[in-house]
Amino acid sequence: VTRFFSFHKEYFDNNGDQGNLSVLKFFLGQQSVSFDEVSELASADFVLVGDASRAALREYGKELLDLAPALQARHVNGLPTLVIGSSYELLASEVDWLETPKRGSVVSEFRTLVTDEAGPVLGYRNSSILDLDFVRSGDFIATTLFGPILAKNPTLLDQMLLACGGTSADWEPKMKNWVESIRELAPTHH
């Protein structure tokens, strides 16, 4: 059994970030690996902290910052974690274990980032962060790219599936072609 924790999934899903759980559950299910939700971060094999509205961050920001020590432990140990969008920005501005990014004007765009660990990673960002769009420590990822990034990035998905006790995804050809056609449309940034 692979256990996941999603921080206030009803509010931290601003751009479909909970879709990352759906794609993991789908492919793990194909592999007969059960993927069950837990209510405590400490007992989770995989953690998702999605993008949230300003209102949700005002309401739950302190609670998210209270999870910072547990998230730091996951970061240090490279445990499977996705911290996405505004949640990443909030944490990066408040903790010393994530490098503080440079800020500028807000840019909203699709982009492909070239990463050492997962090759090109496609996503949409709406952020004032000028650098550090994708920070990784083992299987701990913090990124400005929100939404279901695992569904759009087969290499990254495979890495998370392996980290969650599964194997590489077995895509239906039509699904794989659709994902690849989306990926071809985005500009690349280094």
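The values are calculated or read from the model by the stated rules, or taken from the named source; none is laboratory data. For clarity, every value in this text was computed on a predicted model and none was experimentally measured. Every residue, glycine among them, receives a Cβ derived from its backbone with ideal geometry; neighbour counts consider all protein chains shown. Keep in mind that these areas ignore ligands, DNA and RNA; they rest on the heavy atoms of the full protein, side chains included. Shrake-Rupley method; radii C 1.70, N 1.55, O 1.52, S 1.80 Å.
Quick rundown of the values:
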| read-out | value |
| --- | --- |
| Long pairs among LYS25/LYS176; LYS102/LYS152; LYS62/LYS152, criterion Cα-Cα beyond 22 Å | LYS102/LYS152; LYS62/LYS152 |
| Cα centre as origin, Lys/Arg/Asp/Glu Cβ charges: the stretch 1-157 dipole, Debye | 300 |
| Accessible surface of the chain, 1.4 Å probe, proportion on carbon and sulfur as whole % | 51 |
| Rg/Rh ratio calculated on Cα atoms of the stretch 19-75 (Kirkwood radius) | 1.04 |
| Prolate/oblate/rounded label for the stretch 1-113 (Cα gyration tensor, a/c 1.5) | prolate |
| Where the chain is the region considered: accessible area per residue in Å², 1.4 Å probe | 48 |
| Which of LEU150, VAL47, PRO173, positive extreme of dipole for the chain (C-beta unit charges) | PRO173 |
| Protection proxy ranking of 142-154, 58-70 - average other beta-carbon atoms within 10 Å, highest first | 142-154, 58-70 |
| Paired Rg and Dmax values of the chain, which use every Cα atom, in angstrom | 15.6, 46 |
| The stretch 129-170: relative contact order in percent, alpha carbon pairs under 8 Å with at least 6 residues between | 24 |
| FRET efficiency, HIS8 to ARG103 (Cβ-Cβ, R0 25 Å, nearest 0.05) | 0.50 |
| Surface accessible to a 1.4 Å probe, LYS9 within the full protein complex, Å² | 80 |
| Extent along principal axes [Cα atoms of the stretch 110-181; Å; largest to smallest] | 37, 27, 19 |
| Three-way shape call for the stretch 90-149 based on the alpha-carbon gyration tensor, with the a/c threshold at 1.5 | oblate |
